[in-house]
Amino acid sequence: MWHGEANMLSYYLLLRGWIHLGNTEFIVRSLSVIPAVGTVLVAYLLGRRLFSAQVGLVSALLLAVNACHVAYSQEARGYALLLLLSSLSILTFVTAIERATTTNWLLYVLVTVAAVYTHFFAGFLIAAQSVSLAFLPRRAIDLRKFSFSASLITVYIFPALWFVLRKDVGQIDFIPNPGILELYRLILFLTSYGGKVFGILLAIIYLACLGVSLRMFLTNWRHSRQSIESWRLALLLSCVFLPILLDISISHLGKQIFYYRYLLICLPALVVLVARGFCCLRSQRVVVTALVAVSALSMATVWRYYEKPKENWREATHYLLSNSRPGDIIVSYPWYAQDPFKYYEKQLSPSANALHLVPAQMYSINAPQLNRSEVVWLLSCREDDYLQLFRRSLSRTYPYHHEWRYDGAITVEEYSNQELTAHNDQDINSLANTVSRLPLR
């Protein structure tokens, strides 16, 4: 990991121990399901701690039916764990500020460092939490304990900072420069996992409730300036908006890092702010009616998520194992495409020798002729400008090309410098009937 990709280190360390319980898809995916369930509980505790039990219940409901949260709770990646640790970081920060014991501050340090090593973007939450202190009365902050905690966090995440600055080998070069349209897509992503009609309606409701919370903050600030009430809203607003602003700023300074799922760290604070806006409605009947409507729209986007074809890594891996030969090279793009391939390689052919697999960013097309493989397989799951350029480069060296497509935008391509021989071409539709599917329903 240290020489290639150290992001999500916390998740992969947990996974290494977790798979001793079993290596089935159910066991592997359950490592995401369990944190996702825990995040719903933390959303309730956070809403109750900051505002009231009613806000906590609404926060938990909104998160439980959120299509984005549901989708990542079933992926064998670290995003569900990131959501849990991000929400815990905010909760422990609030607890440490309001009850400044050494234990509470150390717990905040532990959770926040774990969040950063689950995804480096969790570092933006540290900045958001620090900025929110400007809205808190000076007497309410134990500066000595806060400074000590900040120092500990800096020391513990220094290796991650060093990796980000010194080990950039193009892992996220596929990300384009963000524009206004990207912000629109981000809102749809966080509210409905990119839904269209239902997603737009949900986004409008979320933004309206967010506007109510923002107006409450401005009213509190105008009347009491620095206060606990102003700080509670400022903290959540900072955790929603500051990561996005920092992300956009860094992207426009030259390093494109604006990508929707990296900003999942904003989701816990967002649902609590939206819940606070809901609970400001005067009539209890209106609150219940609105929540029923939002829940129905959210469930519709969840249903849409289940209806969409999922990434069919099993079939793609099966085809590669059946048709690749010793000496062939398999190039993966993006770099993380190698993870599901390696998993299914062990599942489908545990006794076979591991194939030569290399990320596209680390593969040299201009290798010496003696070291060049006669056949290169390209395994990809994302279409972008980098992939198109890489394909053109491969085509200049390997003029013969075949391509196979699978559900979830997965593509297997074969490039060769000689006429391609016949393969064990099984009909994909018939193969789908004999090979179990990916999603954990």
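The values are calculated or read from the model by the stated rules, or taken from the named source; none is laboratory data. Just so it is clear, the structure is predicted and the values come from calculations on it, not from any experiment. So basically every Cβ, Gly included, is an ideal-geometry build from the backbone, and we count neighbours across all protein chains shown.
Assorted remarks:
- Set side by side, the residues LEU165, LEU143, LEU161, LEU133 differ, and just one is in the same structural domain as GLN256 (by TED's automatic domain parsing) and surrounded by 16 or more Cβ atoms within 10 Å (Cβ to Cβ), which is LEU133.
- Search result, residues across the range 313-327 that are at pLDDT 90 or above and of a type in the set (D, E, K, R): ARG314, GLU315
- Condition met for GLY123 (assigned by TED's automatic domain parsing to the domain that holds ASN220, among the small types (Gly, Ala, Ser) and within 21 Å of VAL37 (Cα to Cα)): no
- Qualifying positions in the range 132-155 - among the hydrophobic types (A, V, I, L, M, F, W, C) and outside any helix (DSSP H, G or I): LEU136, ILE141
- Check on TYR44, of a type in the set (Ser, Thr, Tyr) and surrounded by 24 or more Cβ atoms within 10 Å (Cβ to Cβ): no
- For the range 116-158, a residue qualifies if it is free of Cβ contacts under 8 Å to residues at least 40 places away in the same chain and either farther than 20 Å from SER238 by Cβ or within 21 Å of the chain's Cα centre (by Cα) (or both), and the qualifying residues are GLY123, ILE126, ARG139, ARG144, SER151, VAL155, PHE158.
- Output for the range 98-114, where each listed residue is free of Cβ contacts under 8 Å to residues at least 60 places away in the same chain and of a type in the set (A, V, I, L, M): ALA100, LEU106, LEU107, VAL109, LEU110, VAL111, VAL113
- Comparison of SER283, SER295, SER251 shows that the only residue that is in the same structural domain as SER192 (by TED's automatic domain parsing), within 20 Å of the chain's Cα centre (by Cα), of a type outside the set (A, V, I, L, M, F, W, C) and on the phi < 0 side of the Ramachandran plot is SER251.
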